[in-house]
1. Identify all residues within region 69-90 that are loosely packed, with under 15 Cβ neighbours inside 10 Å and either closer than 24 Å to HIS37 by Cβ or β-branched (Val, Ile, Thr) (or both); write none if there are none.
2. Which one of the conditions (1) crowded, with 19+ Cβ neighbours inside 10 Å; (2) at pLDDT below 90; (3) among the hydrophobic types (A, V, I, L, M, F, W, C) does LEU188 fail to meet, given that it meets all the rest?
3. Quick one: which of PHE57, PHE66 is surrounded by fewer than 15 Cβ atoms within 10 Å (Cβ to Cβ), among the aromatic types (Phe, Trp, Tyr) and either outside any strand (DSSP E or B) or modelled with pLDDT of 90 or more (or both)?
4. Looking only at residues in region 110-137 that are surrounded by 18 or more Cβ atoms within 10 Å (Cβ to Cβ) and not aliphatic (A, V, I, L, M), which one is nearest to ASP186 (Cα to Cα)?
5. Please specify each residue of region 92-109 satisfying the condition of being buried (at least 16 other Cβ atoms within 10 Å of the Cβ) and either assigned to a loop (DSSP other than H, G, I, E, B) or charged (D, E, K, R) (or both).
Amino acid sequence: MCGVKCITFALWINILSVLTGENKFRLELTPVNPVIHVGTDLELTCQMNDCPDNVTFIWKSALDEFLGGEAKDEQTVSRLLIKNISVKHSDRVLCKAICQQSPKDIMTKIHMFSFPEDPILPKIKSLIANQEQRLICTVRNIYPLEKFQIEWLRGDKTLHVEEPQEPIFNSVQNFISVFNYTPSVDDLGKNISCKATLKLSLKNQEKTTTAESAQHDIWRKPDLPMAILPAAGSVSLLTAAVLLIRHFRKKSVSSDITLD
């Protein structure tokens, strides 16, 4: 029997446990580093394991501000529901739990993005070989804009890549890409595409969409035929002009080429 010595030793163990903050309670916060689209709902769950009593929970952001939302506590579990999440919630979230006067806290980061719509690329009526044309692609409600990229393609060939150079704000933004394109005859029968990509930092969170224009043709201006005027005296100039006009009329009816 150890008597008083054993009791003293046990007390010292308890005191050291309190002083060092060591306890067997485990705190979990899920989901870990959630990635969520702006405008949807997010539920965070904070759970204290191995606590025999009811736990007191406190939710706040890393900036020591209240996140908003509705918290529901059930003994050792707390659930925070944030509805219609916005860019302002893109912050580190802290869950603090207190069991038997012993506090623990855990943190996670909410990653926000917005990419709700496909690119808008107006239909192109026609393109003329070797003649520059202005093409416009619009993508709305993007966040974060610094992770955004536009790629112009003709068939499967990349024509131009553009990333935002304008001022970037911590908010949902629209982006317009203007591309001055000079087609060639080799591009005949191929679609022009505007491909928008939002490159997020976490794995498997890249979202890409492609908007194709309607099928269209690229016309080439025909070479004008050389007119050989007869020698003076054989046929009048008026007769030669009539023959030349008939030639062009016949050419425009027999072929489907548009003159520009």
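1. GLU70, LYS72, LEU81, LYS83, ASN84, LYS88 - these are the residues of region 69-90 that are loosely packed, with under 15 Cβ neighbours inside 10 Å and either closer than 24 Å to HIS37 by Cβ or β-branched (Val, Ile, Thr) (or both).
2. (1)
3. Working: PHE57 fails: surrounded by fewer than 15 Cβ atoms within 10 Å (Cβ to Cβ).
So the residue among PHE57, PHE66 that is surrounded by fewer than 15 Cβ atoms within 10 Å (Cβ to Cβ), among the aromatic types (Phe, Trp, Tyr) and either outside any strand (DSSP E or B) or modelled with pLDDT of 90 or more (or both) is PHE66.
4. Among residues in region 110-137 that are surrounded by 18 or more Cβ atoms within 10 Å (Cβ to Cβ) and not aliphatic (A, V, I, L, M), the one nearest to ASP186 (Cα to Cα) is CYS137.
5. Hits for region 92-109 are LYS96, LYS104.
Let's see how each residue does on (1) within 15 Å of PHE115 (Cα to Cα); (2) assigned to a strand (DSSP E or B); (3) touching a Ser or Thr at 6+ places or on another chain (Cβ under 6 Å); (4) modelled with pLDDT under 90:
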position: ILE136; (1), (2), (3), (4): no, yes, no, no
position: THR158; (1), (2), (3), (4): no, yes, no, no
position: ILE168; (1), (2), (3), (4): no, no, no, yes
position: PHE179; (1), (2), (3), (4): no, yes, no, no
position: THR197; (1), (2), (3), (4): yes, yes, yes, no
position: LEU202; (1), (2), (3), (4): no, no, no, yes
position: GLN215; (1), (2), (3), (4): no, no, no, yes
position: PRO225; (1), (2), (3), (4): no, no, no, yes
position: ILE228; (1), (2), (3), (4): no, no, no, yes
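The values are calculated or read from the model by the stated rules, or taken from the named source; none is laboratory data. Fair warning: this is a prediction, and the values are worked out from it, not measured in the lab. Ideal geometry is used to build each Cβ from the backbone, glycine not excepted, and the neighbour counts take in all protein chains shown.
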